[in-house]
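The values are calculated or read from the model by the stated rules, or taken from the named source; none is laboratory data. Computed from a predicted structure; not experimentally measured. Glycine gets a Cβ as well: all are built from the backbone with ideal geometry, and neighbour counts include every protein chain shown.
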Amino acid sequence: MLVATLLVLAGCGSGSKPSSPGGFAGIASSHGNVVAGAVQKNSVTSVRLNPAIVVGGASAEITVSIAQPAPAGGAKVALSSSKSDLLSLPSSVDIAEGQTSGTLQVPSSAVSAATSATIVATYESSMAGANLGVAPNVTVPFTVTLQPATLTVQQGKSGSTKVVTKAGSGYNHSLQLKVTGQPAGVSVSLSPQTIPAPGSGTSQMTVNVQSTVATGNYTLKVSASDGKTSASGKLTLKVTGSVSSNATFKGCWYKQSGHRYQGVDISVGNPGIYPFNAVLYRGATCDPNSFADQIGFGQLINFGGFGYTFWFIDFADQTGMSAVWSVGNDNSQCVNYAVAPDC
C-alpha cells in the first residue's frame, strides 16, 4: 500500500492555506505486513518553508527532510515547482551523509498580485511538498488573497475557494469584490459580494465549469475596491477531463512515530495520471465554512497498480475533523475522523 502525509502520500503494490500553506509526502509499499518494512525504507517526510509567504523578490528557506540519515555519499533529493517562472528552484537539494535534512534559499520573482506555487521533493519512491505564497511588493490599505490560490475543477463540475481581504490599521471602508478573466463556459459567484467595513472579511467563491470548457489552466483575477483604491489576487483554475479513475476511498487514521494522522486508503481501478486533491475541515460534516487545510491542489500523480494511503500532517491526533478526498473526477464521501478506523 502507498502511504502519504500533509499531505503525505503513500501507496502499495497489489502482486505529497495560502495564509498557512500545507505540505505532503508519500512512499510506495506492498499490501499486508510489507507495509511496515516499506515505512522503514528511507523516504521524504516533509518540505518546510520559512516563511510560508514571501514578498515577490524575497527568498524563502526550504528544508527537505528524509526519514533516516542519508547513506554513504549523501542523498540527492530532486526538486520541482508548479510555477518555474515564479521561483529560482534548483533541480535538487543535497543531504549530507548521516544527516536527515538539507536546507537552501530559493529566490522568488516579483508579482503584481498574490499567487502561490507548489514545491515538490522526490526521493526514490517517495514525494513530499509544500505551498509557497508570494505577495506583491506594494503598499496598499488592504490585501486580497485566495485560499487556496489553485482550484481544480472537472468539466461539468464546480468547486469553491475563499476570497480573504485584510484591512490595514486605521482603514475603515467596505469593499466590492469582482472576478475577471474567466473563459467562456466558466461562471463565478461570490457570497457575499461586499465585504463590510472595516474591510477585513471572507467571501465564498464558487466556480462552475461547463462540460464544453477545454481542459487546461486559466488565471482568474479577483479584485476588491472601495471606489478609489483597489487590490487583487489571482486564482489558478485547473480544468480537468471527466475520465473516471474508478477510485475507491476508505477514510482512516495513519499511525507514525506515536501520532495519528487523518488519512485515506485509495485504490484506483483505472491506472493513469490524475489530479489529486484533499480538503480537511474542522468538525464532522465537511462544512465548507470550516476549512482547515488542503493538500494536492490538483497535482498530477501517476496512480499505477498500487493501493495508496494519504494523510494530513498538520493536525496530528485531532479527532474533531473531517475530509473529502479526490482522484480525477472521483470523490470520497465526507470522512468523519471521530469514528474512522485505523489504516
Got at least one residue in the range 188-198 being in a loop (DSSP other than H, G, I, E, B) and buried (at least 22 other Cβ atoms within 10 Å of the Cβ)?
no
Out of curiosity, is residue 300 of a type outside the set (S, T, N, Q) and at pLDDT 90 or above?
no
Only residues that are surrounded by 14 or more Cβ atoms within 10 Å (Cβ to Cβ) and among the hydroxyl-bearing types (Ser, Thr, Tyr): list them for the range 159-187, please.
160, 161, 165, 171, 174
Given (1) among the β-branched types (Val, Ile, Thr); (2) under 30 Å from residue 114 (Cβ atoms); (3) over 19 Å from the mean Cα position of the chain (by Cα), identify the lone condition not met by residue 301.
(3)
Counting only residues that are buried (at least 24 other Cβ atoms within 10 Å of the Cβ) and either farther than 17 Å from residue 56 by Cβ or modelled with pLDDT under 80 (or both), how many does the range 126-150 have?
7
Check off (1) more than 28 Å from residue 155 (Cβ to Cβ); (2) crowded, with 21+ Cβ neighbours inside 10 Å; (3) out of contact with any Leu (no Cβ under 8 Å at 6 or more places or on another chain) for residue 224 and give me the number that stays unchecked.
(3)
Hey, any hits in the range 297-318 for a residue that's surrounded by fewer than 23 Cβ atoms within 10 Å (Cβ to Cβ), acidic (Asp, Glu) and at positive phi?
yes
Here the residues within the range 214-235 that are under 23 Å from residue 116 (Cβ atoms) and part of a loop (DSSP other than H, G, I, E, B) are 215
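Given the structure, is residue 301 closer than 22 Å to residue 80 by Cβ and assigned to a loop (DSSP other than H, G, I, E, B)?
For residue 301, the condition - closer than 22 Å to residue 80 by Cβ and assigned to a loop (DSSP other than H, G, I, E, B) - is not met.
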